[in-house]
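The values are calculated or read from the model by the stated rules, or taken from the named source; none is laboratory data. The structure presented is a predicted model; accordingly, all values stated were derived computationally and were not measured. All Cβ positions, even for glycine, are placed from backbone atoms using ideal geometry, and neighbour counts span all protein chains on display. With ligands, DNA and RNA removed, areas are computed over all heavy atoms of the protein, side chains included. Shrake-Rupley method; radii C 1.70, N 1.55, O 1.52, S 1.80 Å.
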Amino acid sequence: MNKHIRSTLKTYFGFTRFRRGQEEIITALLEGRDVLAVMPTGAGKSLCYQVPALLLEGLTLVISPLISLMKDQVNALQDGGIPGAYLNSSLAPGEYQATLSRALRGEYKILYLAPEGLKREDIRSLTGQVPISLVVIDEAHCISQWGHDFRPSYLFIREFIQGLSERPITAAFTATATDQVKEDIVLILELENPYMLTTGFNRENLYFGVQKIPRNRDKVQALLEYLSQHQDKSGILYCITRKTVEELCAVLCAEGYGATRYHAGLEDWERQSNQDDFIYDRKPLMVATNAFGMGIDKSNVSFVIHFNIPMNIESYYQEAGRAGRDGGPADCLLLYSPHDLRTNTYLISHSKPGEPPKDRALIDHQLELLKAMTYYATTTDCLRARLLAYFGDRPANYCGNCSNCATGFESIDISIAAQKIISCVYRIEQRGKRFGKAMVVDILRGNKNQKLLSQGLESLSTYGIMADMDSHRIRTILDHLIAQEYLALEGDTYPVVCAASRSGEIIFEKKPLEMMLPKETAPPHTVAVKTAALDERLLSKLKALRNRLAQEANKPAYIIFSDASLRDMCRKLPVNTEQFLSVSGVGRVKMEKYGDAFTRLIREHTIGGG
Ligand code: ADP
Ligand code: MG
């Protein structure tokens, strides 16, 4: 890693290591290249442009549609000692002018703007006087009509960039973009030979769990049990109806939990104030409908629990993904009851009061999406694999960090199965043919489909030799053999299975092979609760200190330190400022600001014997 990049990372952000994709993007930007990066929520996109912003001459402009987030982002920058600011319609005229003058004097390295702001005369004149080195377009999918969140104001960005006296480096970031949307971004923004990076959808720190609970009463019980094991942690509980939100919130408050609520039926002021209570950790639990969450950047959400099954996998992954943005371990749990499907089906099939009746095709489409979500809730496969495959990634069949992997998988000897599969592929090739995966599975299973029979494939010696295994399992093993290169897949449009150079290891050398597979009789879903071997008492003391400092500074607690940083303090137990600097998330300014208070607390805790 380049020396300057490394020291900037530590000094200003307090990190010693990059997350996936960050270093490549930063390097590309510093070399003057345009960038288009697609990275999941919480992956750390901000850092990818904030580090270059500090190292490049001149000013970096960040265009973002979420005015409510700018304050947070800038707060976090300033707390790390980075000169940043924002200009948008939420500022009082006096503040706006003051910020603008400081920007004109070159006092900032990073300036956040809303797309609507780009048309303003004062912004034009600012960019005429201060050199702009980098323009960042956050949530870049908003530029495409094909994205799920099109903003017409984004279309002006190109003209704005063209109007600058020198073309700046241009970088586009988003968490969601299909190939079509990516193409649109490149075309509309006129990115020049951009460095393109898509890191995939996986969020390693998230634990996925499904618990099947038929009755609502039992769900409340399960929830209370979970909460009692996760005291003081912040979490979101999603319910499908406003009524359930009201009821559940009341139960939690009666049980003594700091819970608040959010749904579209509340007055604006109450929604705002409840949201603030949650963000500022005055109330650690948010009970909400899916109306809650857009633009919520709270990094220390330790769990997202769906009390009812959501409408589709897209919403589920987006909502669940609000957990663990700080990279620390976090849980995404679904409490599933088949009974809930009736509510969802009703909501899909009926339009809301005052709205025109829904079109049949739309209803059918939404019911299909709900079906995919139901498969997720009932599968015995790896839950993470299900989600990632849904989004087009090619995950392994076992992640080891979901409720199915934790309780329903075991290591199974697949040597014989592998020999059967590979010899079947050999036999097919001996006849001068090649087929896709589905056909190979059909032959092994001994199925009788039209194409198979018409080609006389039932006379293959391997026809039906795996009749005792279900198709899905054969397919899973076949995928594993391909991933491990014991077999190969050739062709793009119609990929066919072929023998590979490693096939012989299985067939001739009889190499033994094992893999993790769902147990043949999978036990009912359970939510495995993991306990970290951390000094929980110290952690809660550190949290109390953080909360006090946050209150004094009137900032959300996670702006001061993320939970991940506090956990790292518990592991490293720094007792002087130099050691404190080794904590993840502690940069130079944070060390100076908070080092004394935190190390003193840790000293007292460890000397006092906890
Ligand atoms: P997003 O990709 O959703 O915009 P953010 O930029 O908001 O994600 O970052 C999410 C969290 O990850 C923040 O709390 C940030 O401090 C943390 N983070 C980013 N990069 C790193 C890193 N290299 N090491 C540790 N934490 C990081
Ligand atoms: Mg972001």
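Brief remarks on what is shown
- If you go through region 428-460 and pick out every residue that is under 19 Å from residue 415 (Cβ atoms) and over 43 Å from the mean Cα position of the chain (by Cα), you end up with 0.
- Going through (1) over 22 Å from residue 387 (Cβ atoms); (2) in contact with a Lys or Arg (Cβ under 6 Å, 6 or more places away or on another chain); (3) of a type in the set (Phe, Trp, Tyr) one by one, residue 208 falls short only on (1).
- Qualifying residue in region 170-177 (condition: in a helix (DSSP H, G or I) and either within 14 Å of ligand 1 (Cβ to nearest atom) or within 22 Å of residue 318 (Cα to Cα) (or both)): no
- Count of residues meeting criterion [touching a Ser or Thr at 6+ places or on another chain (Cβ under 6 Å), open to solvent by less than 10 Å² (accessible area, probe 1.4 Å) and more than 14 Å from ligand 2 (Cβ to nearest atom)] in region 35-59: 2
- Counted as qualifying within region 411-503 are the helices (runs of 4 or more DSSP H) with 2 or more residues that are open to solvent by less than 20 Å² (accessible area, probe 1.4 Å) and under 27 Å from residue 518 (Cα atoms), namely 415-430, 437-445, 471-483.
- Residues that are surrounded by 14 or more Cβ atoms within 10 Å (Cβ to Cβ) and closer than 20 Å to residue 76 by Cα, drawn from region 103-133: 103, 108, 109, 110, 111, 112, 113, 114
- Filter result (aromatic (Phe, Trp, Tyr) and either under 18 Å from residue 592 (Cβ atoms) or free of Cβ contacts under 8 Å to residues at least 40 places away in the same chain (or both)) within region 536-579: 561
- Unique match (being loosely packed, with under 14 Cβ neighbours inside 10 Å and touching a Ser or Thr at 6+ places or on another chain (Cβ under 6 Å)) among 357, 353: 357
- Selected residue (criterion: farthest from residue 327 (Cα to Cα)) from residues of region 19-34 that are within 16 Å of ligand 2 (Cβ to nearest atom) and open to solvent by 20 Å² or more (accessible area, probe 1.4 Å): 20
- Only a single item in (1) free of Cβ contacts under 8 Å to residues at least 24 places away in the same chain; (2) exposed (fewer than 15 other Cβ atoms within 10 Å of the Cβ) is not met by residue 363, and it is number (2).
- Residue check for residue 376: within 30 Å of residue 73 (Cα to Cα), open to solvent by less than 10 Å² (accessible area, probe 1.4 Å) and in a helix (DSSP H, G or I): no
- Boolean, residue 191 is out of contact with any Pro (no Cβ under 9 Å at 6 or more places or on another chain), among the aliphatic types (A, V, I, L, M) and open to solvent by 50 Å² or more (accessible area, probe 1.4 Å): no
- Test: residue in region 29-39 that is away from ligand 1 (no atom under 16 Å from the Cβ) and in contact with an Asp or Glu (Cβ under 6 Å, 6 or more places away or on another chain): yes
- Hey, residue 235 open to solvent by less than 60 Å² (accessible area, probe 1.4 Å), touching a strand residue (DSSP E or B) at 6+ places or on another chain (Cβ under 9 Å) and at positive phi or not: no
- Qualifying positions in region 272-295 - touching a helix residue (DSSP H, G or I) at 6+ places or on another chain (Cβ under 7 Å) and within 16 Å of ligand 1 (Cβ to nearest atom): 281, 293, 295
- Among the conditions (1) touching an Asp or Glu at 6+ places or on another chain (Cβ under 7 Å); (2) farther than 20 Å from residue 476 by Cβ, the only one that residue 346 does not satisfy is (1).
Residue-wise test of (1) β-branched (Val, Ile, Thr); (2) touching a helix residue (DSSP H, G or I) at 6+ places or on another chain (Cβ under 8 Å); (3) in contact (Cβ under 8 Å) with a residue 60 or more places away in the chain.
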residue: 389; (1), (2), (3): no, no, no
residue: 395; (1), (2), (3): no, yes, yes
residue: 406; (1), (2), (3): no, no, yes
residue: 409; (1), (2), (3): no, no, yes
residue: 415; (1), (2), (3): no, yes, yes
residue: 420; (1), (2), (3): no, yes, no
residue: 448; (1), (2), (3): no, yes, no
residue: 451; (1), (2), (3): no, yes, no
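- Here region 313-339 is the region considered, the condition is being acidic (Asp, Glu) and at pLDDT below 90, and the residue that is most open to solvent (accessible area, probe 1.4 Å) is 314.
- Contact map, region 293-304: first residue within 20 Å of residue 263 (Cβ to Cβ) and open to solvent by less than 10 Å² (accessible area, probe 1.4 Å), second residue within 15 Å of ligand 2 (Cβ to nearest atom) and aromatic (Phe, Trp, Tyr), Cβ cut-off under 7 Å, separation 6 or more or different chains; pairs are 298/558.
- Residues satisfying the stated conditions in region 379-403, i.e. more than 22 Å from residue 329 (Cβ to Cβ), assigned to a loop (DSSP other than H, G, I, E, B) and open to solvent by 70 Å² or more (accessible area, probe 1.4 Å): 394
- Test: residue in region 319-333 that is under 20 Å from residue 175 (Cβ atoms), away from ligand 2 (no atom under 16 Å from the Cβ) and in a loop (DSSP other than H, G, I, E, B): yes
- Qualifying residue in region 215-235 (condition: farther than 26 Å from residue 277 by Cβ and touching a His at 6+ places or on another chain (Cβ under 6 Å)): no
- Taking the criterion of being within 16 Å of ligand 1 (Cβ to nearest atom) and crowded, with 20+ Cβ neighbours inside 10 Å, the residues of region 75-98 that qualify are 76, 77, 80, 82, 84, 86.
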